[in-house]
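This report concerns only the one structure given below.
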Amino acid sequence: MSAPIVAVRITNSATYSRSRNYRSAGHHRLAQLTLSVKTFKKLSSDDALAVMSSAETTTPTGSSGNSETLSGSSSNGCTTETTTTTTPASSSQPKSRDTTREASWPWVLFYIHLNILGVYGIFVLFSHTSAITLVFTAFLTLCGILGATAGAHRLWAHKTYHASTLLRFILMLCQTMAGQGSIYEWVRLHRLHHDKFRTADDPYYSDKDFLHGQVFANIRKLSPRQERLLAEVDMRDLESDRIVMFQKRFYWLLYPILFVLLPINAPLEYWGDTVQAAIFVAFSLRYLLVLNVAWMINSAHFVWGLDKNHKQSDSNMVFLVTKSYWPQYHYLLPFDYQSGEFGSYGSGCTTAFIRICAAMGLATKLQTMTTDAVKRGLTMAVDSGRPIVDCLKQAGAEDMCNLQREHYLKNERLH
Ligand SMILES: [Zn+2]
């Protein structure tokens, strides 16, 4: 099963994508709507850009914006919820002390040292490391990535599925092994990131190049304005989650035990590997990998994205590399549990992990999106003039009521 890929062919795309207010534009001529996984690759980049551009005129669903929530029930008893955002994010913040981001020097020094130690770890990996340490390091790396993607991102930040207490506890331990701060702080920043996507208030924002997006945006302090916005993010759902709050309270203890001592101590204590292997491979190289994989989520668009302002792409060569329109898909449909950060909507390892958990009864209510629902959502957006993200969310919620309870077990496209 694969999530649909979103593309729309709009004859009058220039007018459509430039329009900041669909209602005031007066007319919306959607001459031809094409949405199909098979035809997607035949579309030109400009077609997709029309959707992406129009999506960026909206504020993606977040919690710190000025929004109202509408709830209703369909005839078959399924509850649908629609969030209508009324205040679009502004990208024209005046450059002042209030919006300036200073360098975080402790982070800068730490990052320099981590790179030196991690790169040396590559040499140690091939010279002083036993196979069992290699497998152990790979396992811890996978745990950390799953904790960040399946846990902090898809479960806690976007609520794309429900998880049992056992699964949430395991994901909490895994997320601690990612070394990216507590779940609470991670989610708060990520919600602000979605809410202020690609504006100066976005904590991962960079309008320059890949290096700025990958490194510099992550080693700066937040601006005073961002600090204020961060404090306004609605975190009530996580504050009622005892596992999240337990980790937040004891992170100072969990982090050194699970993230520092475990990977260094285990190779020395249990299978007698070298000190170099424990410090430079199991700790430094692993940390460097997990950190850069996580940061790449916000910087990869400079290389593989389709935004005209970042990377011109007038050919379909980009599909040969990514086979998808990620990560734009996720910003249009953040509630889809299949949002593949690595270019595979339906077959990524995080998606597979969530499906296995669902088959075991640990994860329930997996939210996804069918092609028909995407068509309805896009048509709804054009007809009503409402933000595309909200319309897609409404159509997706309605569509979930019609899907079989165990639809995630079927490895087929949803049409
Ligand atoms: Zn997200």
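The values are calculated or read from the model by the stated rules, or taken from the named source; none is laboratory data. Note that this is a predicted model, so its numbers are computed, not measured. Glycine also receives a Cβ, built like all others from the backbone with ideal geometry; neighbour counts cover every protein chain displayed.
Things worth noting here:
- Evaluated against (1) in a helix (DSSP H, G or I); (2) within 16 Å of the ligand (Cβ to nearest atom), Leu142 falls short on exactly one condition, (2).
- Any chance Leu268 is touching a residue at least 60 places away in the same chain (Cβ under 8 Å), outside any loop (DSSP other than H, G, I, E, B) and on the phi < 0 side of the Ramachandran plot: no
- Scoring Leu109 on the criteria (1) farther than 30 Å from Arg355 by Cα; (2) within 16 Å of the ligand (Cβ to nearest atom) leaves a single failure, condition (2).
- Condition met for Tyr325 (modelled with pLDDT under 70, of a type in the set (Ser, Thr, Tyr) and in a loop (DSSP other than H, G, I, E, B)): yes
- Candidate set from the range 231-246 (those that are within 16 Å of the ligand (Cβ to nearest atom) and not β-branched (Val, Ile, Thr)); member that is surrounded by the most Cβ atoms within 10 Å (Cβ to Cβ): Met235
- For the range 347-372, taking the residues that are small (Gly, Ala, Ser), at negative phi and touching a residue at least 40 places away in the same chain (Cβ under 8 Å), the one that is surrounded by the fewest Cβ atoms within 10 Å (Cβ to Cβ) is identified as Ala359.
- First in the range 141-165 and in contact (Cβ under 8 Å) with a residue 40 or more places away in the chain, second anywhere and aromatic (Phe, Trp, Tyr) and within 15 Å of the ligand (Cβ to nearest atom), Cβ under 6 Å, 6 or more apart: Arg154/Tyr337; His158/Phe335; Thr160/Phe335; Thr160/Tyr337; Tyr161/Tyr337
Results for (1) under 18 Å from Arg101 (Cβ atoms); (2) within 12 Å of the ligand (Cβ to nearest atom); (3) crowded, with 18+ Cβ neighbours inside 10 Å, shown as yes or no for each residue.
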position: Ala148; (1), (2), (3): no, yes, yes
position: Thr176; (1), (2), (3): no, no, yes
position: Arg188; (1), (2), (3): yes, no, yes
position: Val215; (1), (2), (3): yes, no, no
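- Hey, Arg154 within 16 Å of the ligand (Cβ to nearest atom) and surrounded by 24 or more Cβ atoms within 10 Å (Cβ to Cβ) or not: yes
- The range 157-174 - residue that is within 22 Å of His330 (Cβ to Cβ) and among the small types (Gly, Ala, Ser) and, of those, nearest to the ligand (Cβ to nearest atom): Ala157
- Selected residue [under 27 Å from Gly121 (Cβ atoms), assigned to a loop (DSSP other than H, G, I, E, B) and at pLDDT below 95] from Tyr255, Tyr204: Tyr204
- Among the residues of the range 377-403, those identified as under 24 Å from Lys196 (Cβ atoms), in a helix (DSSP H, G or I) and not hydrophobic (A, V, I, L, M, F, W, C) are Gly377, Asp390, Lys393, Gln394, Gly396.
- Within the range 373-386, the residues that satisfy the criterion of being over 20 Å from the mean Cα position of the chain (by Cα) and surrounded by 21 or more Cβ atoms within 10 Å (Cβ to Cβ) are Ala373, Gly377, Leu378, Ala381.
- Yes/no for His194 being closer than 27 Å to Val260 by Cβ and either within 12 Å of the ligand (Cβ to nearest atom) or outside any helix (DSSP H, G or I) (or both): no
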